[in-house]
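Student: One structure is given below, represented as structure tokens, and several questions about it will come after.
No lab work stands behind these numbers, since they all come straight from the coordinates. Computed from a predicted model, the values in this text were never measured in an experiment. Every residue, glycine among them, receives a Cβ derived from its backbone with ideal geometry; neighbour counts consider all protein chains shown.
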Amino acid sequence: MMIQTRLQRTTRALIQRLSQGRVAYILAIAYIALGTLLVYLSPRSLIAFLIFVSSALLIYYVRIGKVAKLSLAILMAVVLLPIVGVRNIFYLEVAFQISVFAALALGLNIVVGFAGLLDLGYVAFYAVGAYLWAFFGSQQPTLLHAIPGTAPPGAHFVMSGNMFYLFVILGLAVGALTGIVLGLPVLRLRGDYLAIVTLGFGEVIRVLANNLDKPLNLTNGPQGITPIQRPTLPAPLLDAIRVVLDPLVGRRVTDAQFYNLFFYFAALVVVVIVITVARRLDDSKIGRAWTAIREDEVAAIAMGVPLVRMKLYAFAAGASFAGAMGVLFAASRTFVSPESFSFMQSIGVLSMVILGGIGSIPGVIVGAAVVIILNLQVLQGLSLFLSELRQSDAVIPIINFAWKDLSNQLDPAKYQRMLFGIILIVMMIYRPAGLIPAARRKNELMKEDAAEALDENGQVNDGTA
Amino acid sequence: MLRRFGSVYLRELLRPLGQMIVFVLGSGFVLSAVMVVLALLMRGSAADKALLARNGTDLLTFTLSNLPQVLIDSVTLGFVYAAIALGYSMVYGVLEFINFAHSEIFATGAFIGVEFLIILEGAGRLDGIGNLLAYTWLVVAIILGMLGAGLLATGVERIAYRPLRGAPRLVPLISAIGVSFFLQDAIRMIESLTTGQFHRIIPTFGNFDQRIMLGNIPLSSGPILIGIQVKSVIVIVAAMLMLIGLNFLVNATKVGKAIRAVAADRPTASLMGINVNRIISLTFLVGGALGGAAGVLYALKFTRIDPFVGFFPGLKAFTAAVLGGIGNLTGALLGGVVLGMLENFAGAYLSAFTMGAAGAEYKDILAFAILILVLIFRPSGLLGEQVGQKA
């Protein structure tokens, strides 16, 4: 016991020492350099990538000046990641997905974390945005009377791909509008009913996307819409960038890779905007009203907070970001289908918010990164490992089990639901405030109607914050 | 004294039976009348002509001739929903908590029952057996499903909900969603490990697939046969027995009194010497067992099950519970029957009435539309809350 406390004290002192003063700068830069070097030299190593990504966390935690922090973060996101990303395009995809889902999770965080409204159909707004650009940015408007799957001769694009930029803004507006239209009737409901109704709304949107291929072919049904246009990237600009980028990457950067880079940066811009807006909102009058609603609705009404209007703001703000992200998603994939907008996606985004910390902006980003990396890299890596084992002649010694008899179905990559489920249960029971709890953490998920909540075991969960 | 008890028992057995008959006949009559009036109103409309051109019958004849079969199917589905809805309603009545994982409890029950029958089939015990034995095995399968599902529900409560009982409302709900997702993949993993496939098809045995013919309607385009499958009869009878049994348990026994007491006021019930934790466990056991039985019945009726089979029936059953008035057992029954009716009517008539623009594929979202409407205009449900109403 004594030894342990002494050990703890020494570690803490060490961490303190390392995270302060000049040491911290050197440490942070050295760590980033190490991560970058590792990824640069062995582009396929998972551990190298994890070290690289975790340096973002290090930047967040060390006590260095704000300007230094910011510039290091920008250096990582804008310079280092694109270079290593182009060397192994899979990393760029991971980074893109992290950005997309971080933006979604930040949007959901406004609804769930700030205002305390559990939205289980969040992905519906994302779908609305995606289908908005999928419809106008493809040949679909000329196929209204066509049977899905056939390509009649008159099909053509109705607008140029550069309208994409306009549609990102439109997606914002349409998302907000959808949020208001849905929110108006249902926001009077109590928390758990609201959750189920939003879930229902999410399913409604998915079923509509699946079935609106008749009487007018709006969504092309289960087959989805493809191809969807992307904005054109000006060739002179690309050539100018190539001069710098090619030697760094070590080979010629293709146009497809430039599109990956473009969408990564676009997602990054949205994330930055969402972070800014979310932070400003949280500190504003609206944000305080949200906190009041989250803590105690009755008291909030008594204090003159316009309940429904404030909830609508939260819904609209969250939904608008999802709408904009949907447009971006549709353009980057050049394909949308109803399957991308299932209930599981909503729960995935929710588990990012819960894992990172409800209401906490850095937490939510970390949550998105962890879930995406678990999903895309760790589970897939395990799958790959297992399938290699399956092809080998290896046998587990004691129980005499040959790996090649292992069922194909036991593929970790297929068990995302289990991953989400475990995250949700474990976080709720052991750490309801998340990995990085929000600073002002006494929200709805901590204590609500304490009088009603009589706990027979005396185990009141008042959080860890 | 004895006679008084006797009359209480008899009343609690007969009352739900009477309610079922009233609900089924009432909602059936109302919906049929609505459809007929609609068909009359749309006489001569484009939809009418389109149908006449395609099938040779006008809308009114089409509606009337399909009505008996639709009603029979509706009742079957309605009772399945009611049996699942009771699980939601009981838990909600006692804990005021939406047990989101109930749909997976239902799926687990279905898998246990079906796996048992598959094992029997594998052992050759289902070949050419008589009706009596077939029914016995089916009953055993249902009981096993009930046991497994009930125990699972109790275990889930113990692990994932009880530690969170003091926490605010959304915390256990999120945990329940987690349980739901976890169980879906857990079932899939277990099922796919043995055969490489995660869906199961219930073995065919006994006379469950036969149709009892009730008559036919002669039409110019050929007679329409009206019949009911034996398995539908089994589903209806079994669900009725369960509903009556549950009603009896809750309203006529000492345990039931304890359940009602805990639902009404937990601290006071605890002061009166009721072991609240045990009653809550029991509630989950009973609710889970009903869900499990409903799962086996569902498998019997729809033959194919997979780990995600519980999702839609679960949501619809929840809708049914809310529609009837959540926390209220009679309400769950009414909600289930009404929702089953609405869904089957939509499935049967939507396509003909909208000229194929919107068909049976929209019946799944009909439930959500109803849910939203009920919650907006009558949040306490058709019958209002009688148990455990707290804001």
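Student: Can you report the principal axis dimensions of segment A:1-86 using only the alpha carbons, biggest first, rounded to whole angstrom?
Tutor: Each principal axis gives a Cα extent; for segment A:1-86 these are 51, 30, 15 Å.
Student: Across peptide A:421-434, how many C-beta atoms of other chains are within 10 Å of each residue C-beta, on average?
Tutor: Details: counts 14, 5, 3, 10, 13, 3, 4, 15, 11, 1, 0, 7, 0, 0.
Per residue, the number of nearby Cβ atoms from other chains is 6 on average.
Student: Taking the convex hull of the Cα atoms, report for chain B its projected area averaged over all directions, in nm².
Tutor: Details: hull surface 89.0 nm².
For chain B, the mean projected area of the Cα convex hull comes to 22.3 nm².
Student: Related question: Give the long-range amide H neighbours of B:LEU383: residues separated by 5 or more places, or on another chain, with amide H under 5 Å away, using H modelled in the peptide plane at 1.01 Å from N.
Tutor: Placed amide hydrogens put B:GLY325 under 5 Å from B:LEU383.
Student: So what's the back-of-envelope 222 nm ellipticity for chain A, counting only DSSP H runs of four-plus at -39500 (n - 2.57) apiece and dividing by all residues, rounded to 500?
Tutor: Values: 18 runs with 291 residues, N = 465.
Per the formula, -21000 deg cm²/dmol.
Student: Could you list, bin by bin from short to long, the percent of Cα-Cα pairs of the protein assembly as shown in 10 Å steps?
Tutor: Calculated P(r), rounded to whole percents: 2, 11, 19, 23, 21, 14, 7, 2, 1, 0.
Student: Follow-up. Quick check: net charge around B:THR253, other residues with Cβ under 14 Å of its Cβ, Lys/Arg +1 and Asp/Glu -1? All intermediate terms of the calculation are to be shown ahead of the outcome.
Tutor: Numbers: positive: B:ARG11, B:LYS254, B:LYS257, B:ARG260; negative: B:GLU12.
Surrounding charge for B:THR253 is +3.
Student: Moving on. Please give the Cα centre distance for segment A:263-331 versus segment B:269-292, rounded to the nearest Å.
Tutor: The two parts, judged by their Cα centres, are 40 Å apart.
Student: Also: Mean separation of Cα pairs under 8 Å and 6+ residues apart, divided by the residue count of chain A: what relative contact order is that in percent?
Tutor: Relative CO of chain A lands at 22 percent.
Student: Additional query: Let me see the P(r) profile for segment B:53-147: every Cα-Cα distance counted, bins of 10 Å, each bin given as a percent of all pairs.
Tutor: 13, 26, 25, 20, 15, 1
Student: Bin by bin, in steps of 5 Å, what percent of the Cα pairs in segment A:208-323 do you find, going until the bin that has the longest distance?
Tutor: So the P(r) values, bin by bin, are 2, 8, 12, 11, 9, 10, 11, 11, 11, 7, 4, 2, 1, 0.
Student: Taking N as the number of residues in segment A:64-187, what is its Cα Rg relative to 2.2 N^0.38 Å?
Tutor: On the way: Rg = 19.5 Å, N = 124, 2.2 N^0.38 = 13.7 Å.
Cα Rg divided by the expected 2.2 N^0.38 Å: 1.42.
Student: To test your reading of the geometry: what angle, between 0 and 90 degrees and rounded to tens, separates the Cα axis of helix B:102-122 from the longest principal axis of chain B?
Tutor: 80
Student: Sort largest first and round to whole Å: the equivalent ellipsoid semi-axes of segment A:88-430, each the square root of five times a Cα gyration tensor eigenvalue. Working shown, then result.
Tutor: Working: eigenvalues 218, 171, 100 Å².
One finds semi-axes of 33, 29, 22 Å for segment A:88-430.
Student: Order these peptides, B:10-18, B:345-353, by their mean beta-carbon neighbour count within 10 angstrom, highest first.
Tutor: Numbers: B:10-18: 13.9, B:345-353: 20.8.
Final packing ranking: B:345-353, B:10-18.
Student: Follow-up. What number comes out for the charge environment of A:ALA124, summing +1 per Lys or Arg and -1 per Asp or Glu over other residues with Cβ under 11 Å away? Show your work: numbers first, answer last.
Tutor: Numbers: positive: A:ARG206; negative: A:ASP119, A:GLU203.
Combined, the nearby Lys, Arg, Asp and Glu give -1.
Student: On average over all directions, what projected area in square nanometres does segment A:42-100 have, based on the convex hull of its Cα atoms? Don't skip to the end; give the middle numbers.
Tutor: Details: hull surface 16.4 nm².
Taking a quarter of the hull surface, the average projection is 4.1 nm².
Student: May I pose another question? Per-residue counts of other Cβ atoms within 10 Å, averaged by peptide: what ranking do you get for B:198-206, A:240-248, B:173-181, highest first?
Tutor: Result, highest mean Cβ count within 10 Å first: B:173-181, B:198-206, A:240-248.
Student: Same structure again: So if I average 1/r over every pair of distinct C-alpha atoms in segment B:80-120 and take the inverse, what Kirkwood radius in Å does that give?
Tutor: Numbers: mean 1/r = 0.0891 Å⁻¹.
The Cα-based Kirkwood calculation yields 11.2 Å.
Student: While we're looking at this one, here's another question. Can you give the mean number of other chain Cβ atoms that lie within 10 Å of the Cβ atoms in peptide B:141-153? Before the final figure, lay out the partial values.
Tutor: Details: counts 0, 0, 0, 0, 0, 0, 0, 0, 0, 0, 0, 0, 0.
Mean partner-chain Cβ count within 10 Å for B:141-153: 0.
Student: While we're here: Determine the shielding of peptide A:413-420 by partner chains: average, over its residues, the number of Cβ atoms on other chains within 10 angstrom of each Cβ. Mind dumping the intermediate values first?
Tutor: Values: counts 0, 5, 6, 2, 11, 9, 3, 6.
The per-residue average across the peptide is 5.
Student: Follow-up. Using R₀ = 51 Å, calculate the FRET efficiency as 1/(1 + (r/R₀)^6) where r is the Cβ-Cβ separation of B:LEU52 and B:ASP209; round to 0.05.
Tutor: 0.90
Student: While we're looking at this one, here's another question. With a cut-off of at most 14 other beta carbons within 10 Å, and DSSP calling the residue loop, which trypsin sites (Lys or Arg not before Pro) in segment B:98-180 qualify? Please list them. Please report the intermediate quantities before stating the final value.
Tutor: Working: sites: B:ARG125, B:ARG158, B:ARG165, B:ARG169; in loops: B:ARG125, B:ARG165, B:ARG169.
Answer by residue number: B:ARG125.
Student: Using the alpha-carbon atoms, what tilt in degrees (0 to 90, nearest 10) does helix B:230-252 show relative to the longest principal axis of chain B?
Tutor: Tilt of helix B:230-252: around 30 degrees.
Student: Taking the mean number of other Cβ atoms within 10 Å as a proxy for protection, how do you rank A:339-352, A:10-23, A:422-435 from highest to lowest? Intermediate values should be presented prior to the final figure.
Tutor: Values: A:339-352: 22.7, A:10-23: 11.3, A:422-435: 21.1.
Highest mean packing first, the order is A:339-352, A:422-435, A:10-23.
Student: If you don't mind, another one. Would you mind pulling out the separation of the Cα centroids of segment B:179-207 and segment A:84-98, in Å?
Tutor: 37
Student: Hey, rough spin-label estimate for A:LEU41 and B:LEU133, points 7 angstrom out along Cα→Cβ, what's it come to in nanometres?
Tutor: Here the answer is 7.3 nm between the modelled labels.
Student: Give the calculated FRET efficiency between B:VAL30 and A:SER342 to the nearest 0.05, with a Förster radius of 30 Å applied to their Cβ-Cβ distance. Before the final figure, lay out each step's value.
Tutor: Numbers: r = 35 Å, r/R0 = 1.17.
The value I calculate is 0.30.
Student: Just the number: Rg to Rh for segment B:282-391, Cα atoms, Kirkwood Rh, two decimals.
Tutor: Numbers: Rg = 15.3 Å, Rh = 15.1 Å.
Answer for segment B:282-391: 1.01.
Student: For A:ALA413 and A:ILE180, compute 0.36 nm times the residue count separating them, minus their Cα-Cα distance, and round to one decimal in nm.
Tutor: Values: separation 233, 0.36 × 233 = 83.88 nm, distance 3.66 nm.
Gain on stretching A:ALA413 to A:ILE180: 80.2 nm.
Student: Determine the distance separating the Cα centre of segment A:195-244 from the Cα centre of segment B:81-157; give it in Å without decimals.
Tutor: Spelled out, the Cα-based centre of one part sits 41 Å from the other.
Student: Could you check the spin-label model distance between A:ILE241 and B:ARG125? Points 7 Å from the Cα along Cα→Cβ, value in nm.
Tutor: Output for this residue pair reads 6.7 nm.
Student: Between 0 and 90 degrees, rounded to the nearest ten: what's the tilt of helix B:46-55 against the longest Cα principal axis of chain B?
Tutor: Helix B:46-55 sits roughly 80 degrees off the main axis of chain B.
Student: Separate question: Just from its helices, what would the mean residue ellipticity at 222 nm be for chain B, if runs of 4 or more DSSP H residues each count -39500 (n - 2.57) and the sum is divided by every residue, rounded to the nearest 500 deg cm²/dmol?
Tutor: Working: 13 runs with 281 residues, N = 391.
Only helices count here, giving -25000 deg cm²/dmol.
Student: To continue, here is another question. Around B:GLY227, which amide H atoms from residues at least 5 apart in sequence, or from another chain, sit under 5 Å from its own amide H, with H modelled in the peptide plane?
Tutor: Correct list: B:LEU214.
Student: Sticking with this one: In what sequence do A:PHE335, B:PHE284, A:PHE49 fall when counting other Cβ within 10 Å, fewest first? It would help to have the intermediate numbers written out before the result.
Tutor: Details: A:PHE335 16, B:PHE284 29, A:PHE49 23.
Going from sparsest to densest Cβ surroundings: A:PHE335, A:PHE49, B:PHE284.
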